[in-house]
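Working notes for the structure below.
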Amino acid sequence: MSDGFTITLDSQQVQAALTALAGRLDHLRPALEDIGRALQNITEDAFAAEASPFGGAWPDLSPVTKARRAKLGKWPGPMLQMTAGGLAASIFYDANDQRVILGAPKVYAATQQFGRADNRMYNTPRGHPAPIPPRPFLPVNPAGELPPAAQSEILAILADYLARA
């Protein structure tokens, strides 16, 4: 009695499809560029909505920040977009055959994304730290998770890419 069996598939069409798929997997740059563009668009949408890609509006600016911006003629105005070349305009992605990177090269990007409880750049009038609340704009949380909409979009890009193999 046999413990199992083996079936050998001899199909030129299937073999050709598998060969094409393997070839595409060696050249992932087009798929990763599509993913980079999608993540950049989600990030731009967060700035437009002044809300986290996970949902929920960003905390309002402090009265002190609003007053400083008003003196500069920049308030009322969009949050985190005081200058044309600022944070929102700095979002970029870079893709190759192995990875895609989404980021913001501004020094203060991490502070805006994750917040900073010990902020001393602008102390309160009594010299205490003025905490900066998180205003997440990148579609990833501290645990490295994507929002459901971003995950669905990436999976759709990959499914389409594989379907064309």
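By its C-alpha gyration tensor, with a ≥ b ≥ c as the square roots of the eigenvalues, how is the range 20-98 shaped: rounded for a/c under 1.5, else prolate for a/b larger than b/c, else oblate? Spell out each step's value before the answer.
Details: a/c = 5.33, a/b = 2.91, b/c = 1.83.
The shape class here is prolate.
Could you tell me the calculated FRET efficiency between residue 44 and residue 164, based on Cβ-Cβ distance and R0 = 35 angstrom, to the nearest 0.05? Intermediate results must be reported in sequence, preceding the final value.
On the way: r = 27 Å, r/R0 = 0.76.
That gives a FRET efficiency of 0.85.
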Could you put 152, 52 in order of accessible surface area, largest first, with the 1.4 Å probe and the full protein assembly present? 152, 52
Expressed in nm², what is the orientationally averaged projection area of the convex hull enclosing the Cα positions of the range 16-55? 3.6
For 132, 101, give the ranking by accessible area with the largest first, probe 1.4 Å. 101, 132
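The values are calculated or read from the model by the stated rules, or taken from the named source; none is laboratory data. Treat the numbers as computed from the prediction; the structure is a model and nothing was measured. Using ideal geometry, Cβ is built from the backbone for each residue, glycine included, and neighbour counts are taken over all protein chains shown. Remember, those area values only see protein heavy atoms, side chains included, never the ligands or the DNA or RNA. Shrake-Rupley method; radii C 1.70, N 1.55, O 1.52, S 1.80 Å.
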